[in-house]
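In what follows, a structure is listed as structure tokens, so that the remarks can point back to it.
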Amino acid sequence: MSNPAAVRSPLSVVFLMHAALEIPLAIQGVWAPATLPFMQLTNTTLVVLKLYSALLLSSCVMAFLCFNLPEFLPGKRALAIALCIYHSTSSTILYQAPRFIPYSFGPLFEQYRVTPEAVWGTIHGLLGLGMVIWWQLTLYLTAVPGRAQ
């Protein structure tokens, strides 16, 4: 491993996982936010949802473009930290949110508080954790060759 630029971590798939999770909401939120399965959408929330969806769409594009970049690049690492903060915060917000998705997995799941919001929050939490794992397991690739003597 003399050339860190030649090393590609399979853990970079976490960037594609971010895009896969967020792209459906981003696309539908930009082009048809009123059709999203959320309760009590007003004109104000539709505008905010469109703005959020545009930001989300851009983060998906960034994640897709960063996927193939070398692990040691500061821009890729900065995006990973930003996505880690986003997913960790989103997870917390979704866990603490009142019910806003008018669907259910059924009475058995409701009994154990498994709601769409909780599942969505769990997926965000796992992606945030995935970003941290990627960060830690690719940290050795950022070492400057010849400097660790």
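List of remarks:
- Residues (among the β-branched types (Val, Ile, Thr) and within 15 Å of ILE101 (Cα to Cα)) located in segment 43-53: THR45
- Conditions (1) more than 26 Å from VAL14 (Cβ to Cβ); (2) not hydrophobic (A, V, I, L, M, F, W, C); (3) not in a helix (DSSP H, G or I): number failed by ASN68: (1)
- Residue check for ALA26: surrounded by 15 or more Cβ atoms within 10 Å (Cβ to Cβ) and touching a residue at least 40 places away in the same chain (Cβ under 8 Å): no
- Pairs with Cβ under 7 Å, 6+ apart, first in segment 84-112 and at positive phi, second in a helix (DSSP H, G or I): none
- Boolean, LEU129 is open to solvent by less than 20 Å² (accessible area, probe 1.4 Å) and either free of Cβ contacts under 8 Å to residues at least 24 places away in the same chain or not in a loop (DSSP other than H, G, I, E, B) (or both): no
- So TYR103, is it more than 24 Å from MET62 (Cβ to Cβ), touching an Asp or Glu at 6+ places or on another chain (Cβ under 9 Å) and open to solvent by 100 Å² or more (accessible area, probe 1.4 Å): no
- Against the list (1) open to solvent by 50 Å² or more (accessible area, probe 1.4 Å); (2) β-branched (Val, Ile, Thr); (3) in contact with a helix residue (DSSP H, G or I) (Cβ under 7 Å, 6 or more places away or on another chain); (4) closer than 17 Å to HIS124 by Cβ, the condition VAL14 fails is (1).
- Exactly one residue among ALA34, ALA78, ALA63, ALA97 is touching a helix residue (DSSP H, G or I) at 6+ places or on another chain (Cβ under 8 Å), aliphatic (A, V, I, L, M) and within 16 Å of HIS18 (Cα to Cα), and that residue is ALA63.
- Test set (1) surrounded by 12 or more Cβ atoms within 10 Å (Cβ to Cβ); (2) of a type in the set (Lys, Arg); (3) not in a helix (DSSP H, G or I) - ARG113 fails condition number: (1)
The values are calculated or read from the model by the stated rules, or taken from the named source; none is laboratory data. Every value quoted in this text rests on a predicted model; they were computed, and no experiment measured them. Cβ: placed from backbone, ideal geometry, glycine included. Neighbour counts: every protein chain shown. When the accessible area is computed, the model is the full protein with side chains, heavy atoms only, and any ligands, DNA or RNA have been set aside. Shrake-Rupley method; radii C 1.70, N 1.55, O 1.52, S 1.80 Å.
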